Amino acid sequence: MTTLVLGGTGKTGRRVANRLTVLDHPWRIGSRSARPSFDWTDRSTWAPALDGVDSVYVTYYPDLAFPGALEDIDAFTSLAVAGGVTRLVLLSGRGEPMAEAAERVVQSSGADWTIVRCSWFMQNFSEGYLLDPVLEGVIALPIADVPEPFVDVDDIADVVVAALTQKGHGGKLYELTGPRLLTFADVAAELSKATGRDIVYVPVTAEEFAAGAREQGVPENEIEGLNGLFAEVLDGRNAHLADGVHQALGRPARDFTDYATANKATWTVR
Ligand SMILES: NC(=O)c1ccc[n+]([C@@H]2O[C@H](COP(=O)([O-])OP(=O)(O)OC[C@H]3O[C@@H](n4cnc5c(N)ncnc54)[C@H](OP(=O)(O)O)[C@@H]3O)[C@@H](O)[C@H]2O)c1
């Protein structure tokens, strides 16, 4: 039997698949570019991706807080459990009421469940939409001076793989953060130190952020969703640490300085 890794070409999914390979644990990627293809926006693709699968790492795209996500998670988990899936591991977002609603759907699905509820990923600055701003030396976001405990996605992948392959993680909700609170100005300082370049953080209005994203071709619904998300989860509600990495793995979470040092080549100006 196989594990379906939804978003298996993305930041956490790719790492989960790599770890499962090392463990010789069969897996299949669920994403639009995979074969069979899996698309959240085309429910006819779900059953073929679930064929022969007994566990699923569920990552949603673009975000569990976006309209339609809850209905998709509900329909997908029902289909999965009806088809014989017995273990679900959900990637969730911290401080998001809509993500918590999706967690409850998974918790009541009838499958053995683990929730991995995460703070902002460190890798947003090296593999996500903040890579280009870092390369340009200016991170401009509509976020005030609120600290966030950024988490390393390698820690997330370690927890997810433990939940998928080991006993003792069923029925657990792990809240994953890094070991330190950092403002976006602190992040810019960390990245400057690691790279030897001048990288600054500039707070902008939601309108200014939308205009910049529009120029880069980000779809309108994603811009709206991102602005909503920034305002909602970066209002101070998540400005505290959690110990999910230690609870799940018995070791501390990786610090931002280690992440920045290890990835400094990524931010070499092209
Ligand atoms: N980024 C953060 O800081 C953060 C923090 C907490 C929680 N999260 C959660 O993490 C999840 C993933 O976010 P991410 O930004 O890090 O993305 P990501 O996992 O790095 O990349 C997106 C993945 O989803 C796939 N995908 C894109 N559109 C899809 C579609 N319509 N149907 C099926 N698969 C699709 C992509 O592959 P293809 O292109 O091949 O389809 C890719 O594998 C989101 O639910 C988000 O809420 C993120």
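The values are calculated or read from the model by the stated rules, or taken from the named source; none is laboratory data. Predicted, not measured: the structure shown is a model, and the values here were computed from it. Using ideal geometry, Cβ is built from the backbone for each residue, glycine included, and neighbour counts are taken over all protein chains shown.
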**Item:** Single unsatisfied condition, Ala210 versus (1) farther than 19 Å from Val151 by Cβ; (2) in contact (Cβ under 8 Å) with a residue 24 or more places away in the chain; (3) surrounded by 15 or more Cβ atoms within 10 Å (Cβ to Cβ)
**Value:** (2)
**Message:** Being crowded, with 19+ Cβ neighbours inside 10 Å, within 14 Å of the ligand (Cβ to nearest atom), closer than 24 Å to Ser44 by Cα and at pLDDT below 95: is that true of Phe76 here?
**Reply:** no
**Prompt:** Among Ala248, Ala253, Ala239, which is the only one that is in a loop (DSSP other than H, G, I, E, B) and either of a type in the set (Asp, Glu) or within 15 Å of Asp155 (Cβ to Cβ) (or both)?
**Reply:** Ala253
**Complete:** Of the residues in region 130-153, those that are closer than 24 Å to Gly196 by Cβ and either of a type in the set (Ser, Thr, Tyr) or within 16 Å of the ligand (Cβ to nearest atom) (or both) come to Leu130, Leu131, Asp132, Pro133, Val134, Ile139, Leu141, Phe150, Asp152
**Message:** Please count how many residues of region 150-168 are part of a loop (DSSP other than H, G, I, E, B) and buried (at least 22 other Cβ atoms within 10 Å of the Cβ).
**Reply:** 2
**Fill in**
Flagged in region 8-44 as near the ligand (Cβ under 6 Å from one of its atoms), polar (S, T, N, Q) and either closer than 17 Å to Ile73 by Cα or at pLDDT below 95 (or both), in numbering order, are Ser31, Thr41
**Asked** Tell me, which residue of region 94-113 that is surrounded by fewer than 23 Cβ atoms within 10 Å (Cβ to Cβ) and within 9 Å of the ligand (Cβ to nearest atom) is modelled with the highest pLDDT?
**Response** Arg94
**Message:** Checking Val116 against (1) assigned to a helix (DSSP H, G or I); (2) modelled with pLDDT of 95 or more: exactly one of these is not met. Which one?
**Reply:** (1)
**Message:** Can you find, within region 45-67, the residue that is nearest to Val116 (Cα to Cα) among those that are modelled with pLDDT of 95 or more and among the small types (Gly, Ala, Ser)?
**Reply:** Ser55
**Message:** Looking only at region 47-72, count every residue that is within 10 Å of the ligand (Cβ to nearest atom) and either among the small types (Gly, Ala, Ser) or within 17 Å of Thr3 (Cα to Cα) (or both) and tell me the total.
**Reply:** 6
